[in-house]
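In what follows, a single structure is set out as structure tokens and then discussed.
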Amino acid sequence: MQNPQMALKLIYRANIFVVSRARPTLQMGRDDSNDIVVVSLFASRLHARVQARDGQFVLTDLSSNGTFVLPDEQSGEQSAAQSTEVRLRQDEMVLTGRGWLGLGRSATTHGDHSVRFSVQAEMG
């Protein structure tokens, strides 16, 4: 049996964006030229990029304020209070599971600067 192709679903203000084989790169930031236009003064004009690379989804921070990654709690392994937020500054990280991205500010408040993400099997 073949492994299902994976996709990264990003949700911002009820809009859904998908990074997959069909669309391997997505940019987000304040500027209108981005795929996800984030309406927040904390976000840089070109804040971050997500790329499908070798079967993984790599988040690259391109900003001056950093990108915050807050994973959802893992089932039974840790509580939400123990979920550790990571701040990327001009660095990259592989996204797995589900969680929140905070552009320029902590994602814990899930405000206008936050993008929801989840890695899931691609719908055929």
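The values are calculated or read from the model by the stated rules, or taken from the named source; none is laboratory data. Only a predicted model underlies this, so the values are computations on that prediction, with no experimental measurement involved. We place every Cβ from the backbone using ideal geometry, glycine too, and count neighbours over all the protein chains shown. The accessibility values were calculated without ligands, DNA or RNA, using every heavy atom of the protein model including side chains. Shrake-Rupley method; radii C 1.70, N 1.55, O 1.52, S 1.80 Å.
Structure summary
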| quantity | calculated |
| --- | --- |
| Residues within segment 42-54 that are open to solvent by 60 Å² or more (accessible area, probe 1.4 Å) and in contact (Cβ under 8 Å) with a residue 40 or more places away in the chain, tallied | 1 |
| Selection from segment 88-101 of residues that are among the small types (Gly, Ala, Ser) and either touching a residue at least 60 places away in the same chain (Cβ under 8 Å) or outside any strand (DSSP E or B) (or both) | Gly97 |
| Strands (runs of 3 or more DSSP E) enclosed by segment 1-41 - at least 3 residues per element that are in contact with a His (Cβ under 8 Å, 6 or more places away or on another chain) and not polar (S, T, N, Q) | none |
| Segment 21-40, subset in contact with an Asp or Glu (Cβ under 6 Å, 6 or more places away or on another chain) and aliphatic (A, V, I, L, M), residue surrounded by the most Cβ atoms within 10 Å (Cβ to Cβ) | Leu26 |
| Total residues in segment 1-19, condition at pLDDT below 95 and either within 14 Å of Ser118 (Cβ to Cβ) or not basic (Lys, Arg) (or both) | 7 |
